[in-house]
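Student: Please read through the structure below; I'll follow up with questions.
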Amino acid sequence: MALPVVDRLLPDLKHPRLWLSLQVFGMVSVGVLSLLPAPDMGGSDKLLHFIAYGAMSGGLALLLPSWGRRVLGAVLVALYGVLLEYLQGLTGYRMFDPADMLANAAGAACGLVLGLGPLARGFRRIDSVLG
């Protein structure tokens, strides 16, 4: 069954539904894990925030067809991090941390940049090999 919206957003991919499904799964996973009770990390978790939001933003940069949509995707990923931080503050077992929001935004920006460079060429190569 054709999904015109997916085909329009991801026109040059052979497996757009696969990549979009993985992206959505990753973003939902980050949301769920962000709202569950956190294990004691014994240190700073800022690197994990940076990597997770970089991966989400980089994934969108790889999937979206235009520069404007890629930038919007990175901004929305950063705002997703802000939303999750506020929601964490409403739980009785997580805390609101502005430094986490900064790490999320920095990761989203870095993911955007990386998703436009050599990662994009490698991703397109993988997509073509799969089909």
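The values are calculated or read from the model by the stated rules, or taken from the named source; none is laboratory data. In this text the structure is predicted, and so the values were computed from the model without any measurement. Because the Cβ atoms are built from the backbone with ideal geometry, glycine has one as well, and the counts that use them run over all protein chains shown.
Student: Determine if the stretch 55-63 includes at least one residue that is more than 12 Å from the chain's Cα centre (by Cα), farther than 13 Å from ALA120 by Cβ and among the hydrophobic types (A, V, I, L, M, F, W, C).
Tutor: Within the stretch 55-63, none of the residues are more than 12 Å from the chain's Cα centre (by Cα), farther than 13 Å from ALA120 by Cβ and among the hydrophobic types (A, V, I, L, M, F, W, C).
Student: Moving to a separate point now. Of all residues in the stretch 56-80 being touching a Ser or Thr at 6+ places or on another chain (Cβ under 9 Å) and small (Gly, Ala, Ser), which is nearest to SER34 (Cα to Cα)?
Tutor: Checking each candidate, the answer is ALA78.
Student: So how many residues does the stretch 36-72 have that are out of contact with any helix residue (DSSP H, G or I) (no Cβ under 6 Å at 6 or more places or on another chain) and either touching a residue at least 60 places away in the same chain (Cβ under 8 Å) or in a helix (DSSP H, G or I) (or both)?
Tutor: So the answer is 9.
Student: Filter the stretch 86-97 down to the residues that are in contact (Cβ under 8 Å) with a residue 24 or more places away in the chain and touching a Phe, Trp or Tyr at 6+ places or on another chain (Cβ under 8 Å) and list them by number.
Tutor: Passing the criteria: only GLN88.
Yes/no matrix, rows are residues, columns are (1) surrounded by fewer than 12 Cβ atoms within 10 Å (Cβ to Cβ); (2) over 22 Å from ASP45 (Cβ atoms); (3) at pLDDT 95 or above:
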residue: ALA109; (1), (2), (3): no, no, yes
residue: VAL113; (1), (2), (3): no, yes, no
residue: ALA120; (1), (2), (3): no, yes, no
residue: LEU130; (1), (2), (3): yes, yes, no
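Student: Now for a different question. Could you tell me how many of the residues in the stretch 114-131 are farther than 10 Å from LEU62 by Cβ, touching a residue at least 40 places away in the same chain (Cβ under 8 Å) and aliphatic (A, V, I, L, M)?
Tutor: Result for the stretch 114-131: 1.
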